[in-house]
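Colleague: Pasting in a structure now, in C-alpha cells, and then I'll have a few things to ask.
Derivation of every value follows stated rules applied to the coordinates shown; laboratory data play no part. Treat the numbers as computed from the prediction; the structure is a model and nothing was measured. So basically every Cβ, Gly included, is an ideal-geometry build from the backbone, and we count neighbours across all protein chains shown.
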Amino acid sequence: MADEDIFNTETAGPTPLSSAVLLAERLSALPFSAPLGPSVSVPGEEPLQAETVAWLWEKLVPAGSKSRTLTARLMEKRLKEWASGKDSMMWGDFVAKMTSEE
C-alpha cells in the first residue's frame, strides 16, 4: 500500500495528513460501502464533531509520536493493532480494543 492511497479523494488529492482538521475533511468525503450491498454515498446529517475528530487523531497519532503526520501505513498499523492483527472482527470488539487504551 502506498502511503498516500488511503487518503486519495477527488477533492484533496493523495497526501499524508498533518492535522485533525484535514482528517475530518477526508473522513467526511469518504463514500460509504455497505459490506453486502451497493456502494452509495451517505450524506452526513451532521458534520463530524471536533471533539470526535480530535480524539481519533490522538488515537491514530499519539502525543509523543516521532512524527505528527498520519500516513496510510501508520493508519493501517494502528487499525491492525486495534483489530489484534485480524483482517476482520465484530464492531463492538474493535471499539472496545480501540477505547481500552484510554
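Colleague: Under 20 Å from a label point 7 Å along Cα→Cβ of LEU48: give me every residue in region 64-82 with its amide N that close.
Modeller: 64-65, 67-82
Colleague: Can you tell me the order of 61-67, 23-29 when each peptide is scored by its average per-residue count of other Cβ atoms within 10 angstrom, highest first?
Modeller: Ranked by mean Cβ neighbours within 10 Å, highest first: 23-29, 61-67.
Colleague: GLU81 versus ALA29, label points 7 Å from Cα toward the beta carbon: distance in nm?
Modeller: 2.7
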